[in-house]
Amino acid sequence: MIPVVCLAGPTGSGKSSAALALAEALNGEILNADSRQVYSDLPIITAQPTPQERAARPHHLYGFLATDKKISAGRWVELATAKARVLHEAGKIPVIVGGSGLYFQALLHGITVIPPADPAIGAHLAGRLNKEGSPALHLELAKADPDYAARIHPNDRQRILRALEVLEITGRPFTWWHTNAMAPPLCKGPLFIINADLRRLTPRLAGRIEQMLACGALEEAKFAFSRCADPEAPGWSGIGAAELLAYVRGSLSFDTCRELWLKNTRAYAKRQLTWFRARPEAIMLPPQQTDKLPALARAYKF
RNA sequence: GCCGGGGUAGCUCAGUUGGUAGAGCAGCGGACUGAAAAUCCGCGUGUCGGCGGUUCAAUCCCGUCCCCCGGCA
C-alpha cells in the first residue's frame, strides 16, 4: 500500500493553501484530485494553484489536459496511483488535494474494472434517450439489472445511460461488475475534510469570482474558446467556464453570468459537503484548524 | 391633486364566481462507483399591505387609510 494524505472540502474552503503548508511540513508533494483543475486552458477559472504556489512545492496532475478531452475517475486513479508510487519511492509523502469526492472514493476504496466505453454505443443510447425518454430506458434497465435500476431514479439520464452502456459492451449488468470486479485500492491514508460552513463560505465564493475576473478569467475563457469552440466539450462543463462561455457566445448578459456563476458555485459547494459528510472515514476539521493537519497526519497509523 | 394598474412565500407572480392559498426561482435536506465543478431526488403557514364594515364565514365584496408603478395636470 502506498501511504498518502488526502485533503478534501468544498470549493473555496482553502484547500490549496492548507495542502501547501501540509506538504511543506511533511516533506511531501502535491497531487491534484480535482476533475476540473486538469484543464490546461482554464487555470484561473478552475482555481488551479498559482505559479507562486507551484514554485514553493512540486504540484502534479494540474493543467495537463486539452478542453476537448475527457478525464474520468478511473483514469485519474491510474494517474494518481502511478504518481503517488513514484513519490513514495523517492521518500516523499503524496499530499492529495481536491474537491472531487468520487476520485477520493475510488482511490481509497477501489473502483470497478470495466472495459473502456465505446463512443458509438454511447451516442446511440443518447439518441434513444432523447427519443424515448429516460423512464423508458430505466424500465429496460430494470429488466436486465433490477438491483441497480431500483437504486437510481427514472430521470437520472446519466446513470441510466452508463448502466445500459456497460450492459451492452460487456453483456453483464452493472451490479455484477460492482460486486465481482472491484479493483482493490493501492493507496491508503487519512481523508481530511475541511468542514466549511456554507453561510460563511458564500461571501468568500463571491469574492473569489471577482478575483478571478480581475485576474483575467474572461480573457482566459475567450482564449480557451478560440482553441475549443465546442460548447459541449468536457472542459466547458465546469462552473464558471460554462457561464463565461455563454456570455462570450452572447446568450447571457454579464450580470446574469456572474449571478449564475455564484449560484452554481454555491450549489456545488453544498453537494460537496453532502458527499463528504457521508464518508464514514472522513476526519472533519473546521477551516480555522487546518494548522493541525501536519500533527494529525503524522499521528495516522498507515 | 386626478385617472388607471398593483400590494399574496426571501424574489417574480398565479389563484380563490366568498369556505384561511400554489407555481417557478432562491433556500434547506438527500442520493451518488469510470462525464462527479457531472447527474438526479425530496421539502411550501405565508398577519394574502393596515383598520373597519357586510356575512355563519373575507385574502376575495364594500368603505377607508398607507405604500409602489405608470399617465394627466
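Taking the alpha-carbon centroid of each part, what is the distance from the range A:251-302 to the range A:56-72 in angstrom?
Using only Cα atoms, the two centres lie 20 Å from each other.
Any chance you could run the full-extension gain for A:Met182 through A:Ala66? It's 0.36 nm times the residue separation minus the Cα-Cα distance, nm to one decimal.
Net length gain for the segment: 38.8 nm.
What order do A:Met182, A:Met1 take when sorted by accessible area (1.4 Å probe), most exposed first? Walk me through the numbers on the way to the answer.
Values: A:Met182 90, A:Met1 145 Å².
Heavy-atom accessible area, descending, gives A:Met1, A:Met182.
If each residue of separation counts as 0.36 nm, what is the full-extension length gain between A:Asn264 and A:Glu232 once their alpha-carbon separation is subtracted?
Net length gain for the segment: 9.7 nm.
Enumerate the amide H contacts of A:Ile193 below 5 Å, restricted to partners 5 or more residues apart or on another chain; note that Pro and chain-start residues carry no placed amide H.
Sorted by chain and number, the residues that satisfy this are A:Ala8, A:Ile283, A:Met284, A:Leu285.
To check my understanding: the extent here is largest minus smallest coordinate of the Cα atoms along each principal axis. What are those three numbers for the range A:152-302, in Å, largest first?
If we take the Cα atoms of the range A:152-302, the spans are 49, 49, 29 Å.
Kindly work out what percent of the DSSP beta bridges joining two residues of chain A are antiparallel, to the nearest 5.
10 percent
To make sure I understand the rule: partners must be aspartates and glutamates, Cα under 14 Å from the Cα of A:Lys92, and not fewer than 8 residues away in the same chain. Which ones qualify?
List returned: A:Glu24, A:Glu29.
Mind listing the long-range amide H neighbours of A:Ile96? Cut-off is under 5 Å, sequence gap 5 or more, other chains count too, H placed in the peptide plane at 1.01 Å from N.
A:Val5, A:Cys6, A:Leu7, A:Leu31
Quote the charge dipole size of chain A about the Cα centre in Debye, to the nearest 20; the model charges only the Cβ of Lys and Arg (+1) and of Asp and Glu (-1). Could the numbers behind the result be given before it?
On the way: 36 positive and 27 negative charges, 138 e Å.
Here the size comes out at about 660 debye.
Keeping the other protein chains in place, figure out the carbon and sulfur percent of the accessible area of chain A, with a 1.4 Å probe. All intermediate terms of the calculation are to be shown ahead of the outcome.
On the way: 8310 of 15120 Å².
Looking at chain A in its full context, I get 55 percent from C and S.
Please give the per residue volume of the convex hull enclosing the alpha carbon atoms of the range A:117-231, rounded to a whole number of Å³. Could you put the intermediate results ahead of the total?
Working: hull volume 25.5 nm³, N = 115.
Hull volume normalised by residue count: 221 Å³.
Counting other C-beta atoms within 10 Å, and keeping those with at most 15, which DSSP coil trypsin sites (Lys or Arg not before Pro) do you find in the range A:121-207? Please list the in-between numbers first.
Numbers: sites: A:Arg128, A:Lys131, A:Lys143, A:Arg151, A:Arg157, A:Arg159, A:Arg162, A:Lys188, A:Arg199, A:Arg200, A:Arg204; in loops: none.
Of the trypsin sites (Lys or Arg not before Pro), not one in the loops of the range A:121-207 has a Cβ with at most 15 other Cβ atoms within 10 Å.
Quick one: order A:Tyr39, A:Tyr247 from most to least accessible surface, probe 1.4 Å.
On the way: A:Tyr39 0, A:Tyr247 75 Å².
Result, largest first: A:Tyr247, A:Tyr39.
Give the aspartates and glutamates reachable from A:Lys270 as a straight Cα distance under 20 Å; neighbours fewer than 8 places away on the same chain don't count.
Here the aspartates and glutamates satisfying the reach criterion relative to A:Lys270 are A:Asp34, A:Asp156, A:Asp197, A:Glu243, A:Glu259, A:Glu281.
The values are calculated or read from the model by the stated rules, or taken from the named source; none is laboratory data. Computed from a predicted structure; not experimentally measured. Here the Cβ is made from the backbone with ideal geometry for all residues, glycine too, and neighbour counts use every protein chain on show. For the accessible areas, the whole protein counts, side chains as well, though only heavy atoms, and no ligand, DNA or RNA atoms are used. Shrake-Rupley method; radii C 1.70, N 1.55, O 1.52, S 1.80 Å.
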